[in-house]
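S.K.: My questions will all concern the structure given below.
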Amino acid sequence: MTSMQRARRAGLAVVAAAVIGGSGVAVGAAAATPSPAATSVQAAASAPPAVDGGARASYADVVRQVLPSVVLISTTEGLGSGVVLDKAGNIVTNAHVVGQATSFKVQVSGDPAPRTATLVGSYPPDDLAVIRVDDATGLKPAMFGDSATARAGDVVLAVGNPLGLSGSVTSGIISATGRVVAEPATAGTPGATLPDAIQTSAPINPGNSGGALVTTAAEVIGIPTLTAGGSAGGAQVQGIGFAIPSNLVRDIAQQIITSGSVTNSHRAAIGAQVGAVTGQDGNPAGTGIVTVTSGGPADRAGLRPGDIIRTAAGTPTPDPQALAGVLAAAHPGDQLTLSVERGGQERTVKLTLGELPAS
């Protein structure tokens, strides 16, 4: 979190081609002063039908199971949420929630006294981080489900601390799976393009970041991270939020806990640093190669600094974010065809993708 007032929003559908799937923007810190430890739950006034098709009047039993595993995280910059991973005191949250901080205050449901915590590790490319509380007494680890089984139409609850309102709950459904979404860079936090995100209609507000997206079986299947902002066709965009799938969360978090860093990113890369190219009219004109990693995919394919990537896998790449969306939908070892401009001449380049370096 880098600003007490921001909510890290931007226009929807920055990169909306079928290969990319969607676009969104990160929800950042909450500006409100944290409320006392959760003593009440704010739930939807009317509950949607349960996944099994039967009418369900209340999800209070689900909330009672999940709430003790969702904590309020505060830094000097603002507020966010986190999910308890284990009894050793490890808590997973978003990288943009921790920002540049290395020490934190953590408030656990039912305990009015904040606990101190320190950073274990952060991995901005997946917008994930792990912190560890000094006193793990009474912490209840969350139950994590298999995000690969998530289906559009499944009922979900978003549990977190929006605007510092501890223990708040919103409800909705899974709108889609397998989305690739992008969040912009802000002061203190780099941008990230997230693969395989879960799209949900459950409202996600500033401060929900790092909390829990749970099923009606009280299993965490995602970490709410992004919300669509701006407007579409003149109407305000609502009910479009995104969560990092639980299977990825557990993988990255375990790597951080084990070694303090991410040793296997599972992410594709071209082996080059890129930047935005602006045309004479001031509009984005392509993604330019700034430097090439010696011996990497771009180097082996003959790319060099000054080349401008116009398309990747047939998708226009007017800016680096568009290229990042294509790469997030690919895997190391995949073949990628680029349309490249060099010295005013267009050429086609094929390369084999490498792996995004670990932290």
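The values are calculated or read from the model by the stated rules, or taken from the named source; none is laboratory data. This structure is a prediction, so every number in the text was calculated from the model and none was measured. Note that each Cβ is placed from the backbone with ideal geometry, even for glycine, and that neighbours are counted across all protein chains shown.
S.K.: Output yes when any residue across the stretch 117-133 is at pLDDT 95 or above, assigned to a strand (DSSP E or B) and surrounded by fewer than 18 Cβ atoms within 10 Å (Cβ to Cβ), and no when none is.
M.R.: Yes, because at least one residue in the stretch 117-133 is at pLDDT 95 or above, assigned to a strand (DSSP E or B) and surrounded by fewer than 18 Cβ atoms within 10 Å (Cβ to Cβ).
S.K.: Could we say that ALA285 is assigned to a strand (DSSP E or B), at negative phi, modelled with pLDDT under 90 and loosely packed, with under 15 Cβ neighbours inside 10 Å here? Walk me through how you get there before you give the answer.
M.R.: Values: assigned to a strand (DSSP E or B): yes; at negative phi: yes; modelled with pLDDT under 90: yes; loosely packed, with under 15 Cβ neighbours inside 10 Å: no.
Criteria not met by ALA285.
Okay, residues lined up against (1) in a loop (DSSP other than H, G, I, E, B); (2) in contact with a Leu (Cβ under 9 Å, 6 or more places away or on another chain); (3) among the charged types (D, E, K, R); (4) at pLDDT 95 or above:
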position	(1), (2), (3), (4)
SER175	no, no, no, yes
ARG179	no, yes, yes, no
PRO195	no, yes, no, no
GLY222	no, yes, no, yes
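S.K.: So how many residues does the stretch 314-331 have that are buried (at least 17 other Cβ atoms within 10 Å of the Cβ) and in a loop (DSSP other than H, G, I, E, B)?
M.R.: 5
S.K.: To continue, here is another question. Examine the stretch 290-305 for a residue that is in a loop (DSSP other than H, G, I, E, B), under 16 Å from THR193 (Cβ atoms) and not assigned by TED's automatic domain parsing to the domain that holds ALA95, and state whether such a residue exists. Spell out the reasoning first.
M.R.: Within the stretch 290-305, the first condition is being in a loop (DSSP other than H, G, I, E, B), and the residues that meet it are 293-296, 301-305.
Pick out the ones that are also under 16 Å from THR193 (Cβ atoms) and you get none.
Within the stretch 290-305, none of the residues are in a loop (DSSP other than H, G, I, E, B), under 16 Å from THR193 (Cβ atoms) and not assigned by TED's automatic domain parsing to the domain that holds ALA95.
S.K.: What single numbered condition from (1) more than 24 Å from PHE144 (Cα to Cα); (2) part of a loop (DSSP other than H, G, I, E, B) fails to hold for VAL277?
M.R.: Unmet condition: (2).
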